[in-house]
Structures are given as C-alpha cells and as structure tokens.
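Report on the following structure.
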Amino acid sequence: MMSLKNSFPEGGVVAVLDESPILADALSNLFAANAEAGMEAEAFTWDRLAELRRLAPRILVLDPVQVEGDLEAFVTGLRGSMPELILIGYASALPETTARTCMRMGFRALLPKTAAQPQLRRALSVVLQGGVYVDRRFGPYILNAPPRPQEAGGEAQLSAREAMVLKRIAEGLSHKQVAAEIGVSAKTIDTYRARGMRKLGLADRSALVRHAIANDWFD
C-alpha cells in the first residue's frame, strides 16, 4: 500500500471542500493521518470558502459539480490569490463537459467519491511528483480525440522495458525514480522513453498521459 509520507512538502496544507461536512472531515483525516509531521489537512464546507481562501492551501480537493455558476470563473478566482494551488476533482458523477473543463483549467487529478484509500493515496503521490492522475471512468471524457492508428498499432511493438518505463512516467515518476526502481541509469531510462514514444507516435508527456488513459494503463 502506497503511503503519502515523504510526498507532501513540509508545512503544506491540503484542504477538502465539500457540501457534506462528514465527507470533508473523513477525507481530511485520511490525508492528515498519512502526512509528515509538518503537513496539515483541514475540512471546509462551502459556507467557509472565505476562510479557506485565507488559509491558502497547497492542495484543494473539491467536487466540481458543487461549484455554483461558472467553473472556469471560480477556478480563475482561486488562482488569482493562490497561483500555485493544486486542484483535485472528487465527484460522485462528473458530466463530460465538466471533466473537460477541469482538465483545461489545470486540475491534476479526477477521482470518484467511491475511490478506496489506496487509490486516494496513490493519486496524491502521483500529483505531488508532478504527474496527472485520472480515474479510468473519467478518462474517455478528457481525451481530445481517439488514439491515432499509429499509437494503437505501435504499442504491440514496444519492448517489455519500454512499456514499463512509459507507464511509470505516465504515472508521474521522474526518470531518476524509474531508474532507481529498475537499477539502471537515468540516461538509459531516457533512451527507453524516447524509443517508446517514437514507436507510439507521441510528441510529449501530455500525449503520453492521454494514450495511457485511452489504453487503460492506470489501475
């Protein structure tokens, strides 16, 4: 089971915003229980939004469907005072248009409220390592287009090592972390990554994440 320890920046705050105080408290307690000593987690309901803004958390977990009015305007307003804020969507049901808006506005994760604790921990870990985590049920909503034929066809040509490296990078791990995991140099990892990306016809990491979602790479 993945732990969030050593993932949170020291002294950071993760805030959970939800219309249900019970759910917000439970989720914030989960994060706090797995954080370093300097990490804090706090729960908020929508009537305490002004207080949340003053707190200026590092991470905000919220249900985008609960936002009243325009979601883009709401996120833009948050980022006006908290430009480095990391947003995570956490919803029971997420319409396709809302999911697309979330990703366009820079949400780093989309999760269902049915997500089990191991998935929540994994998602937070991926996000804090610079990656993007999208639950498979929301994946099809955020794809700009179906996978190109060369992407789908090229996957069968990947070596086992190339496939493993690309999947770990798509999950948010750095070249150095993947190198340490399998006992090779970061330069070798870059070689596997570049070769695999060429085979799949992918230009950058965003395209890799979209391919991973479309092809069900994430657990």
Quick check on Gly172: is it small (Gly, Ala, Ser), assigned by TED's automatic domain parsing to the domain that holds Leu60 and modelled with pLDDT under 85?
no
Consider Ala207 carefully, then state whether it is more than 23 Å from Arg58 (Cα to Cα) and at pLDDT 85 or above.
no
Can you tell me which condition Glu51 does not meet? The list is (1) under 28 Å from Arg136 (Cβ atoms); (2) of a type in the set (Asp, Glu); (3) surrounded by fewer than 21 Cβ atoms within 10 Å (Cβ to Cβ), and all the others hold.
(1)
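Of all residues in region 185-207, which are aliphatic (A, V, I, L, M) and buried (at least 19 other Cβ atoms within 10 Å of the Cβ)? Quick ask: steps written out before the conclusion?
Taking region 185-207 first, the residues aliphatic (A, V, I, L, M) are 186, 189, 194, 197, 200, 202-203, 207.
Once the filter is applied, which keeps residues that are aliphatic (A, V, I, L, M) and buried (at least 19 other Cβ atoms within 10 Å of the Cβ), region 185-207 yields Ile189, Met197, Leu200, Leu202.
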Tell me which residues, restricted to region 73-101, are charged (D, E, K, R) and under 17 Å from the mean Cα position of the chain (by Cα).
Glu84, Arg100
Which of the residues belonging to region 140-168 are modelled with pLDDT of 85 or more and under 15 Å from Ser206 (Cα atoms)?
Leu166, Lys167
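The values are calculated or read from the model by the stated rules, or taken from the named source; none is laboratory data. Keep in mind that this is a model prediction, so the values were computed, not measured. Note that each Cβ is placed from the backbone with ideal geometry, even for glycine, and that neighbours are counted across all protein chains shown.
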